[in-house]
Amino acid sequence: MGKCSPFDGHWHAGEVGSKWINPSFNSTGQMTDSVYGVMWFSTVAVTAGVLLLSTVGIIIALYLGKKKKPPVTLLDPTQKYQLTLIDKEVISHDTRRFRFRLPSAEHILGLPVGKHLYLSARIDGSLVVRPYTPVSSDDDKGYVDLVVKIYFSNVHLKFPDGGKMSQYLESLHLGDVVDFRGPGGLLEYRGHGQFAVQTDKKSPAEIKVASTVGLIAGGTGITPMLQLVRAIMKDSSDRTTCSLLYANQTEKDILLRDELEEVQARHPDRFKLWFTVDRAPEGWEYSEGFINVDMIQEHLPTPSEDTLVLICGPPPMIQFACNPNLDKLGYCQSQRFAY
């Protein structure tokens, strides 16, 4: 607005918005209502404009700050995806870590926790398909890692030909491609103790809620257990606890031991870990022998409505060591799931 002259008692012409006004005073020296109205309208308009710009700015900031979801590799469980082998690490005499490249550096695999994927290859003229659970997760972009135990031929008397898929993977060179498909499986962990479980592929999923989870693994059956335990432990708001009983033939056969012990060290109140081997070395501080009633009773949670037991391992272990002993201790069928 214009300057007010102290000599004539009147305001000189000033501009409000795009309209010029000539303010005047009444006999008592007060500004007239019409001028007040124009000034009030101008103030409201400016304030509204500032609020509008602020709101637009906040919306833009939220939009720009919102994390964009990474692209998913496993979009269709019926579709095969060719992934390239980019690294192979020797973990032990019969165990390898294979790393496959996803379609881009921003891609994730897109495998729900509890699910597995399938690798397929034509070997000696026949199509061979095997399930695997990655040791990487959707926190890892651009690649997927598999830890695989190689079953070489002429090593195990019961399996003179060895493992077809594991030996095929062992024969691969960097740059070779393998067909991946998934997700597969009848169990999915949805967080905070909620498990979606199907009895078969066509049945609807039933939600089971557990505050404590018992895990029994044998040999390579450890990979889905590690996947689940890592997912639960990384969420500080998920108070589900886990107890793992892991069986192997010898101490050298224990897969992913470092990874398991690292999780236990970081979450000692939420994750309990126990081993048993058929042939124990001298000074072995864990159990020896096949899984039995005493091991389950001592190292797994007691049966209850909010307890779930998950099992993954060789069929004979599940059939002859796990199920009969779980029956003896009162774990009903609805409280257990075998991968």
With θ taken as phi - 60° and the coefficients 6.51, -1.76 and 1.60, list the Karplus ³J(HN,Hα) couplings across the range 311-326 in order, rounded to whole Hz; mark glycine and proline as x.
10, 8, x, x, x, x, 5, 5, 6, 9, 10, 7, 4, x, 6, 5
For the range 281-339 and the range 227-273, distance of Cα centres in Å
16
Report D for the range 249-335 in µm² per second (integer): Stokes-Einstein, Kirkwood Rh on Cα pairs, 37 °C, 0.692 mPa s.
228
Given the Cα-Cα distance of Ala196 and Lys69 and 0.36 nm per residue of separation, how much length would full extension add, in nm?
43.4 nm
Multiply the residue gap between Ala265 and Asp94 by 0.36 nm, knock off their C-alpha separation, and tell me the result in nm, one decimal place.
58.9 nm
Take the residue pairs Lys115/Lys234; Lys208/Lys252; Lys201/Lys234; Lys68/Lys272; Lys115/Lys328; Lys88/Lys252 and return only those whose Cα atoms are more than 25 Å apart.
Lys208/Lys252; Lys201/Lys234; Lys68/Lys272; Lys115/Lys328
Could you give the nm distance between label points at Val128 and Gln297, where each point is 7 Å from its Cα heading toward the beta carbon?
4.3
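Arrange the following residues from fewest to most other Cβ atoms within 10 Å of their Cβ: Phe320, Phe271.
Details: Phe320 13, Phe271 21.
In increasing order of surrounding Cβ atoms, one gets Phe320, Phe271.
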Where N is the number of residues in the range 81-184, Cα Rg divided by 2.2 N^0.38 Å
1.07
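Taking R0 as 51 Å, what FRET efficiency do you get between Ser237 and Asn154 from their Cβ-Cβ distance, rounded to the nearest 0.05? Present the calculation step by step, with values, prior to reporting the outcome.
Details: r = 51 Å, r/R0 = 1.00.
The value I calculate is 0.50.
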Overall Cα dimensions of the range 187-338 - principal axes, largest extent first, Å
48, 34, 26
For the range 227-300, the Rg and Dmax computed from alpha carbons only, in angstrom
13.1, 41
Taking a crude spin-label model, label points 7 Å out from Cα along the C-beta direction, the Ser171 to Ser120 distance in nm is 1.9
Can you list residues from other chains, or at least 5 along the same chain, whose modelled amide H is less than 5 Å from the amide H of Leu310?
Gly214, Leu215, Ile216, Phe337
Once you treat every alpha carbon in the range 74-134 as an equal point and sum by Debye, what is log10 I(q)/I(0) at q = 0.26 Å⁻¹?
-1.37
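Where a number appears in this text, it was derived from the coordinates with a stated rule and is not lab data. Treat the numbers as computed from the prediction; the structure is a model and nothing was measured. All Cβ positions, glycine included, derive from the backbone under ideal geometry; neighbour counts span all protein chains shown.
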